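The values are calculated or read from the model by the stated rules, or taken from the named source; none is laboratory data. Quick caveat, the model's predicted, so the values are computed rather than measured. Cβ placement follows ideal geometry from the backbone for every residue including glycine, while neighbour counts extend to all protein chains displayed. To get the accessible areas, we keep the full protein, side chains included, count just its heavy atoms, and leave off ligands, DNA and RNA. Shrake-Rupley method; radii C 1.70, N 1.55, O 1.52, S 1.80 Å.
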Amino acid sequence: QVQLAESGGGLVQAGGSLRLSCQASGRTFIGYTMGWFRQAPGKERVLVASISRFGPTIYYSDSVKGRFSISRDNAENTVYLQMNSLKPEDTAVYYCNTNPPGLLTTGWGQGTQVTVSS
């Protein structure tokens, strides 16, 4: 059973930075495009960034383009999200998963809460 464990969230002031990590255990994710998703209160979960198997193809949503950077370490089975110039509207629970979701595991990890104060 593959498990996805997100970490690195926290409370930060607007303009600050955080680095999120997501480690997959139980199976390698090297064959999959991985993504970071976020869900704000009362809203649907949305994709904010994704990275292809070996990194050449990267996607960012318009809302985070130029501020967030996704990367992966296939040897460590870990995907990262560097978040800079954070805004209050970035406040959400952040999750990682394959893109599209559900290719490695049937569910989602516990997510990591990011709260940006103004």
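Between SER63 and ILE30, the FRET efficiency from the beta-carbon distance, with R0 = 41 Å, is close to 0.90. Charge dipole of the chain (Cα centre as origin; +1 on each Lys and Arg Cβ, -1 on each Asp and Glu Cβ, all else neutral): 100 debye, rounded to the nearest 20. Ordered by 1.4 Å accessible area with all protein chains kept, ASP62, ASP73, ASP90 run largest first as ASP62, ASP73, ASP90.
Of the chymotrypsin sites (Phe, Trp or Tyr not before Pro) found in the range 38-111, those in coil by DSSP whose Cβ has at most 16 other Cβ atoms within 10 Å are PHE54.
Computed in the context of the full set of protein chains, the accessible area of the chain at 1.4 Å probe radius has 48% of its extent on carbon or sulfur. Per residue, the chain exposes an accessible area of 51 Å² to a 1.4 Å probe, with every protein chain left in place.
The label point for GLN13 and the one for SER117, both projected 7 Å from the Cα toward the Cβ, are 0.9 nm apart.
Counting 0.36 nm for each residue step from LEU103 to GLN3 and taking away their Cα separation leaves a gain of 34.8 nm.
Available extension along the chain between ALA40 and ASN74 is 9.4 nm, counting 0.36 nm per residue and deducting the alpha carbon span. For the range 2-92, the list of trypsin sites (Lys or Arg not before Pro) that fall in a loop by DSSP and count at most 12 other C-beta atoms within 10 angstrom reads LYS43, LYS65.
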